[in-house]
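Asks: Submitted below is the structure of interest, expressed as structure tokens.
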Amino acid sequence: MERKPVLAIISPCYNEEEALPRTNERLLDLLERMVQRGEVSGDSRVVYVDDGSRDGTWQLIDRYVAQCHRVCGVKLAGNSGHQNALMAGMQAVVDWADAQVTIDADLQDDIEVIPEMVKDYVEQGCDIVYGVRRERTTDTWFKRTTALGFYKLMHHLGVKSVYNHADFRLMSRRATQQLLKYRERNLFLRGIVPLIGYKTAQVYYDRAPRTAGESKYPLSKMLNFAVDGITSFSIKPVRLVLCMGGIFILIALAMFIYVLYSYFSGRAVTGWASMILSIWFVGGCVLVGLGVVGEYIGKIYIEVKDRPRYNIEKIEKK
Ligand code: UDP
Ligand code: MG
């Protein structure tokens, strides 16, 4: 009989004591059903990563680990953020799990599509299966619009993230191993995962509103996350400065003609010509200089991130 895959369901928790009891119950129930149906191995686990919670989250996780052999807990020493907590979870399971699914502890994402993800992984050989929201009616108008705007901006900057996909996804062991090679500090997993390559699939679900506790992503954190996303993937903002410098210098040249004309026709106040030309010209030169420096810093930035240059999918030889 063919070996069943060992699955790890990773859930990052930050002050989730209100949501966790229900989450634990549902995840264990789901895992049990999947084991019974023979979809995954009995060695599969639910892994909670406590991201430095200040409430009773860890005490709860500790209790669940004692109560059930299918629960594992990872405790981070301090609050490291959602994306880092996910990475910590992946690092913890990559040695024993054939595949891992990451899901938020509030279970806004529909856990009932996890068997579909596993099916795509087992039957189609997909290494990455994205959970994609069908529609966003449960989000506020503000969150929907900003999310769409952000997605479009990122796409424009060349980041090929999957639309309406948050961090609910399945990844095979080899995809996880590859992901762990991205050692940058400002993690934006949604942008990095599509860089891995391999065969991917998508499963669709409806996202529910948060039922317990409150969002750990207030506006300030959302903005930080967006800035991280942009600056981790693109040095285009720097190039914009360079372009602006060029435009300023062109404007200065165009004005030169106008200024000369005004000067000779005697309509200009003394001193105006030299003043206005220097403002635009010097301004343009300063911006170009900044842009050039920025280009070099951008290059250093890309080097420092030390991302893997390629990912080999297969090697064939006779
Ligand atoms: N989370 C975390 N560390 C943080 C913030 C959030 O581990 O610093 C976890 C949180 O417990 C939850 C997930 O990340 O499991 C997503 O957070 P939340 O549901 O509050 O975000 P939203 O759904 O509102 O975007
Ligand atoms: Mg949530």
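Asks: So what does log10 I(q)/I(0) come out to for segment 27-79 at q = 0.14, 0.19, 0.21 Å⁻¹, using the Debye formula with one equal point on every Cα and no solvent?
Replies: Log10 of I(q)/I(0), two decimals: -0.41, -0.66, -0.75.
Asks: Run the Debye formula on the Cα coordinates of the chain, all scatterers equal and no solvent, and tell me log10 I(q)/I(0) at q = 0.08, 0.11, 0.12 1/Å.
Replies: -0.48, -0.75, -0.86
Asks: If you don't mind, there's one more thing I want to ask. Can you pick out the pairs among K119/K216; K199/K299; K181/K317; K119/K199; K119/K160 whose Cα atoms lie more than 20 Å from each other?
Replies: Exceeds cut-off: K119/K216; K199/K299; K181/K317; K119/K160.
Asks: Please report the antiparallel percentage of DSSP beta bridges with both residues in the chain, rounded to the nearest 5.
Replies: Approximately 25 percent, going by the DSSP bridge assignments.
Asks: So who's got an amide H within less than 5 Å of the one on V74, skipping anything under 5 residues away but keeping other chains? H placed 1.01 Å off N, in plane.
Replies: Hits under the 5 Å cutoff: Y48, V49, D50.
Asks: Which residues' amide hydrogens lie under 5 Å from the amide hydrogen of Y204, considering only partners 5 or more residues apart or on another chain, with H built in the peptide plane?
Replies: V132
Asks: Rg and Dmax in Å for segment 31-134, alpha carbons only: what are they?
Replies: Values for segment 31-134 (Cα only, Rg and Dmax): 14.4, 42 Å.
Asks: Roughly speaking, to the nearest percent, how much of segment 1-105's 1.4 Å accessible area is carbon and sulfur?
Replies: 46
Asks: Ok, one more. Take the eigenvalues of the Cα gyration tensor for segment 80-223, scale each by 5, and report the square roots as semi-axes in whole Å, largest first.
Replies: Over the Cα atoms of segment 80-223, the semi-axes work out to 23, 18, 16 Å.
Asks: Additional query: Over the chain, calculate the relative contact order: mean separation of alpha carbon pairs under 8 Å at least 6 apart, over the residue count, as a percent.
Replies: Averaging sequence separation for qualifying contacts and normalising by length gives 18 percent for the chain.
Asks: Continuing with this model, one more query. Mind listing P(r) for segment 165-291? All alpha-carbon pairs, 10 Å bins, whole percents.
Replies: Result, from short to long distances: 10, 22, 21, 15, 13, 11, 7, 1 percent.
Asks: Something else: Give me the accessible area per residue for the chain, probe 1.4 Å, as a whole number in Å².
Replies: Solvent-accessible surface per residue comes out at 55 Å².
Asks: Once phi is turned into ³J(HN,Hα) by the Karplus curve 6.51 cos²θ - 1.76 cosθ + 1.60 with θ = phi - 60°, what whole-Hz value does each residue of segment 2-18 show in order, with x for glycine and proline?
Replies: Each residue of segment 2-18 in turn: 6, 6, 7, x, 8, 10, 10, 9, 9, 10, x, 10, 10, 6, 10, 4, 6 Hz.
Asks: When the expected Rg is taken as 2.2 N^0.38 Å, what fraction or multiple of it is the alpha-carbon Rg of segment 82-150?
Replies: 1.33
Asks: Hey, another quick one. Using a 1.4 Å probe, how large is the accessible area of F256, given in Å² and rounded to the nearest 10?
Replies: 100
Asks: Right, something else. So, taking all protein chains as they sit and a 1.4 Å probe, how much accessible area belongs to S80, in Å² rounded to tens?
Replies: We get 50 Å² for S80.
Asks: Cα gyration tensor of segment 114-196, axes a ≥ b ≥ c as square roots of the eigenvalues: rounded (a/c below 1.5), prolate (a/b > b/c) or oblate?
Replies: oblate
Asks: Something else: Enumerate the helices in the chain for which the Kyte-Doolittle hydropathy averages 0.5 or more and the C-alpha atoms extend at least 18 Å along the helix's axis, using complete DSSP H runs.
Replies: 219-233, 236-264, 272-305
The values are calculated or read from the model by the stated rules, or taken from the named source; none is laboratory data. Computed from a prediction, not measured in an experiment: that's the story for all the values here. The accessibility values were calculated without ligands, DNA or RNA, using every heavy atom of the protein model including side chains. Shrake-Rupley method; radii C 1.70, N 1.55, O 1.52, S 1.80 Å.
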